[in-house]
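Just below is one structure, and these are the notes that go with it.
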Amino acid sequence: MTTNITITKPQQPPAAPMRRALPGWVWFITLWCVGVGGAMSLGFAFKILMNLTLFAVR
């Protein structure tokens, strides 16, 4: 009399799709554009604030 033995491997969960990292130069350009845009926005807001207050001299 024999016993059947079945060896099973544990199932791996499906692999998550790999996200591609952006190259360094793309990050550099993106951060540079954000920085320039932020500086210009801050300058514009400061200009409007100065024109709305008593510091505006004409």
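Using the structure shown, decide if ASN51 is at pLDDT 80 or above and loosely packed, with under 10 Cβ neighbours inside 10 Å.
no
Without any contact (Cβ under 8 Å) to a residue 24 or more places away in the chain, among the basic types (Lys, Arg) and outside any helix (DSSP H, G or I): is that true of LYS47 in this structure?
No; evaluated as a whole, the condition is false for this residue.
Please identify the pairs in which a residue from region 15-34 that is in contact (Cβ under 8 Å) with a residue 60 or more places away in the chain has its Cβ atom under 7 Å from the Cβ atom of a residue that is outside any helix (DSSP H, G or I) and β-branched (Val, Ile, Thr), counting only partners at least 6 apart or on another chain.
That search, which allows pairs on different chains as well, returns nothing.
Could you please find all residues in region 1-28 being assigned to a helix (DSSP H, G or I) and loosely packed, with under 10 Cβ neighbours inside 10 Å?
Answer for region 1-28, where residues must be assigned to a helix (DSSP H, G or I) and loosely packed, with under 10 Cβ neighbours inside 10 Å: GLY24, TRP25.
The values are calculated or read from the model by the stated rules, or taken from the named source; none is laboratory data. Keep in mind the model is a prediction, meaning the values are calculated, not measured. Positions of Cβ are backbone-derived with ideal geometry, glycine not excepted, and every protein chain shown enters the neighbour counts.
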